[in-house]
Amino acid sequence: MKNAPIRLRRALICMLLLLFMPGCGDQRILEKLGFVQASSYDLGENGQLEVTITMPKADQNAGQRRDVLSLMARTGKEARVKLTRESNLQLVSGQLRNSLFGMSLARKGLLKHLDTFQRDPSISPRVKLSVVRGNAKSMLERNYPNQPIISRYIEGLLQKESMGQNIPVSTLYTFIRDYYDDGIDPVMPVLRNKSDNIIIDGIALFRGDKYIAEIPADDGMVFSFLRGSFKLGELSIHLSEGEPGGDTVMITSIVSKRKVRVSRSAEGAPEITIQVRLKGTVIEYTGGLSLDRPAEKHTLEKQIDKELVKEANEMIAFMQKHKTDAIGIGIAVRNHMSYGAWKQMKWPEMYPTVKVKCNFHFEIMNAGKVVE
Amino acid sequence: MSNSQTESSLPTLAHTLDQFEDCMDLSHREFPNLGVHAVYLNTLISGAKLQNEVFKPLHDLEPDQLTTLFQQSQFEKQTDDKALILGILSGKAAVFAEEQVYLIDVRGAEGRAITNSEIETTITGPHDALTEQVSLSLMLIRARIRSTHLKIVKLSVGEITKNDVYILYIKDIANMDNVQELKQRISDIEIDAVHDTNMLIQLIDDRPYALFPQILTTERPDAVVSKLVAGRVVGIMDGSPSAFSVPSTFYEFFSSSDDYYQRWMLGTATRMLRFFALIVTVSLTALYVSVTTFHYEMIPENLLMTLVESRSRVPFPPLYEALLMEMTIELLREAGARLPTKIGQTIGIVGGIVIGQAAVQAGFTSNILIIAVALSTIASFVIPNYTMSASIRLMRFGFILLAGLWGNLGIAIGITATTIHLCSLISMKASYVTPIAPNQPYEWRDVFIRAPFNLLKKRPTQSRPMNMTRVKPKR
């Protein structure tokens, strides 16, 4: 050791000193933390915020598998500071998966509450956001006998439904992205309690950061067709034509491709055509057409197209009426022109009056294993 | 010893006997009718050889035929006193006759037989290993290379012990600069004794203070041959069952002979597995420490509560918990290595059951840590070279410490420091991390993967071979 170079001796001394250093610094030792897995925000009295958090309990012997804490505060982070006083654990938000917002709060605007979500580096941009019909606190507080961990329950529900395209993906990232994009408005799923379960009740449409209107959950698929291209989806259509009472078609393995075309009318106003090409497999059909015959299959395709166009037109009219561009028509229009022209156009004012036409082209890839 | 006698005079019998005073194993036989004396160390010679080569010819001899006998080539005339003493010490018999001295080789030291290789075992391929007796080891190598181009140079090391060191190379492939450099370094060693090849390489390596071994040692003759034909220079020491080859790269320590005996896809997969094992052994326990101490966000939701539950009963912070477990495993390993094989197995059972089961049940450690420690220890044994595997295990403690201090940042610092250290190393004046730096993309196919033989047309550049091309397969 005496002959070792000075550098080596220094390095060894540093290593020895390191041994005494653990314990210093900003540690987050696992068992001393309370993981906020879901949080909810409601509008309280005199403009205050009612914050509720739920975190899992480590002790298996305890009767309840989770703790729910709730109080009034001015902001989310203030609530966390106050809530820490109620717990023996240090509350951390790095495991946050779900955030719920009460309907009344959503009507007032969410952006200022989302500020800490964006600013705090421990919060994942993939936190799922949703609106709760009524009071969000009561949804978190409630015990779901079949679902001991509520955050996992809600996350699983939203994850599965957005995979199947019944609701759009709504995370912190998509909400903020759509908010700051001037050609599209953000959306969120709407949740509600139904006996001992939680059910997806619709899709909340926002203008800016404020809740404006809602699309029923049954129309979620059509909304997805209009919003973008995707693979994998399921759709059940009730055809108004055909036999009395109507036939029902169930289509699965849907591949949907959306194209938005923008043209100019004689006056120079933009006219939009949304072209959706669909491919899918029929797994249920109650009508009388024989799908083995190309001609009759084609007839069914046409019937489906017609039904979808009708529903899409209604939905677009609804959104135009409420001045919310949830499917991003504005993006297509903006991409069509220079940024200067776009700015001059004052799209938000023009949007309700703009002409939108929908075209659906459905193609049955196969009609199931039945051979007639 | 040899320094005391300054005059290098003509050797005399009296002087020789004087030098060997009090050496009970020295034998002195006299043939009075011939005036011949034979002097030898009976611990080193073979009785049968001595009988055949010396006693029998002398026995049947008339005094005037002596000159004719000593003209035979096995009798080597010595005029130097020191050389004579050294000759007797290395197992030759000295024959004093008519004012002349002759040495005759009657060496017959018994060694152990050639056995299976135990440190570097392979499933397929040859199983024999080098032995402590260098003549046997050289035989194993010579028998594998039937070429006059295989050259063997003899050197000596150790002021007192005077061990023989043999340098092997293949003429026209090996770079003579490397041979020269190795010869120079070995003859520059000033030490009283060298006991093993692994000790020798520490005396000749470029960076004595480095963490990693810079010279590869092996006990497999087939590995020695492959190093030789790759243009490297090999050294073998008498009394040691391992050979070393220079220059060596870091990556050589991660390849095994088996890689070449398996089909190439298997060889490739195994090789990748070893580099994966390197990552696991260095970082897995450290990652456990950093995640449980700092980065709770990284834990998947499903694992979170399991981890918290097992951690909640542990009385120590994660860093000390991990150091404790790693220390326990090292204790087990060291105890197992030093004990006789039969007791060594008991250690495994006691260690496995007591430490594994009871420690978790008693709330001493978390079971996830046990998994991490066990996995990283197993991974460390996947690395075929024992010296390298031990170095990496030691390095792991540094990583755990850094992880406990600064979390993932600490691990990143550790990786950076290790990379810098590795890149600063050289082996026989050549870069230790060839073919990454300097970059030799062609050689990657024989380092990170094991490409089919018809694609391995060139020898590695690190040893700067005189002839870069291997013989091209007929295909």
Here the whole-number average of other chain Cβ atoms within 10 Å per Cβ of A:27-39 is 5
HN-Hα couplings for region B:150-165 via Karplus (6.51, -1.76, 1.60; θ = phi - 60°), in whole Hz with x for Gly/Pro, come out as 6, 9, 10, 10, 9, 10, 9, 9, x, 4, 9, 6, 6, 6, 7, 10
Which of A:108/A:343; A:137/A:210; A:128/A:194; A:323/A:355 exceed 24 Å between C-alpha atoms? The answer is A:108/A:343
HN-Hα couplings for region B:407-424 via Karplus (6.51, -1.76, 1.60; θ = phi - 60°), in whole Hz with x for Gly/Pro, come out as x, 4, 4, x, 4, 4, 4, x, 5, 4, 4, 4, 4, 4, 4, 4, 5, 7
Comparing A:15, A:315, A:345 in a Gaussian network model of chain A (Cα, 10 Å), the one with the largest mean-square fluctuation is A:15
Over chain A, the sum of -39500 (n - 2.57) across DSSP H runs of at least four, divided by residue number and rounded to 500 deg cm²/dmol, gives at 222 nm -9500 deg cm²/dmol
Counting sequence-distant residues (5 or more places) and residues on other chains, those with an amide H built under 5 Å from that of residue B:385 are none
Amide H contacts under 5 Å for residue A:214, restricted to residues at least 5 apart in sequence or on another chain and with H modeled in the peptide plane, are A:205
Taking a ≥ b ≥ c as the square roots of the eigenvalues of the Cα gyration tensor, with a/c under 1.5 meaning rounded and otherwise prolate when a/b exceeds b/c and oblate if not, region A:78-176 is rounded
From DSSP H assignment alone, runs of 4+ in chain B each adding -39500 (n - 2.57), the sum over residues rounded to the nearest 500 puts [θ] at 222 nm at -13000 deg cm²/dmol
Measuring from its Cα centre, chain A shows a charge dipole (+1 at each Lys and Arg Cβ, -1 at each Asp and Glu Cβ) which, in debye to the nearest 20, is 2000
Output field shielding_mean for B:306-316 (other chain Cβ, 10 Å radius) holds 3
For region B:1-141 the mean separation of alpha carbon contacts under 8 Å (6+ apart) over residue count, i.e. relative contact order in percent, is 23
Amide H neighbours of residue A:66 at under 5 Å, excluding residues fewer than 5 places away on the same chain, with H built from the backbone geometry, are A:57
Magnitude of the Cβ-charge dipole (Lys and Arg +1, Asp and Glu -1) of chain B about the Cα centre, nearest 20 debye, reported as 2620
Ranking B:384, B:287, B:409 by how far each Cα lies towards the positive end of the charge dipole of region B:275-424 (+1 on Lys and Arg Cβ, -1 on Asp and Glu Cβ), the top one is B:384
Expected vector for region A:86-100, Karplus 3J(HN,Hα) from phi with 6.51, -1.76, 1.60 and θ = phi - 60°, integer Hz, x for Gly and Pro, equals 8, 10, 7, 10, 7, 7, 10, 9, x, 9, 5, 10, 9, 10, 10
For the protein assembly as shown, the dipole about the Cα centre with charges only on Cβ (Lys and Arg +1, Asp and Glu -1), to the nearest 20 debye, works out at 3420
With the dipole of region B:65-164 defined by +1 on each Lys or Arg Cβ and -1 on each Asp or Glu Cβ, the option from B:106, B:138, B:71 whose Cα lies farthest towards the positive pole is B:138
Here the relative contact order (percent) of chain A, from C-alpha pairs under 8 Å and at least 6 apart, is 12
Cβ density ranking, 10 Å radius, fewest first, applied to B:246, A:255 yields A:255, B:246
Taking every residue of B:203-213, the Cβ atoms of other protein chains inside 10 Å of its Cβ average out to 1
If unit charges are put on Cβ atoms (+1 for Lys and Arg, -1 for Asp and Glu) and the dipole of chain B is taken about its Cα centre, the option from B:176, B:254, B:202 lying farthest towards the positive end turns out to be B:254
Comparing A:32, A:306, A:259 in a Gaussian network model of chain A (Cα, 10 Å), the one with the largest mean-square fluctuation is A:32
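All of the numbers you see were taken from the coordinates with simple rules; none came from a lab. These numbers were taken from a predicted model, which means no experiment stands behind them. Note that we place each Cβ from the backbone using ideal geometry, even for glycine, and neighbour counts take in every protein chain shown.
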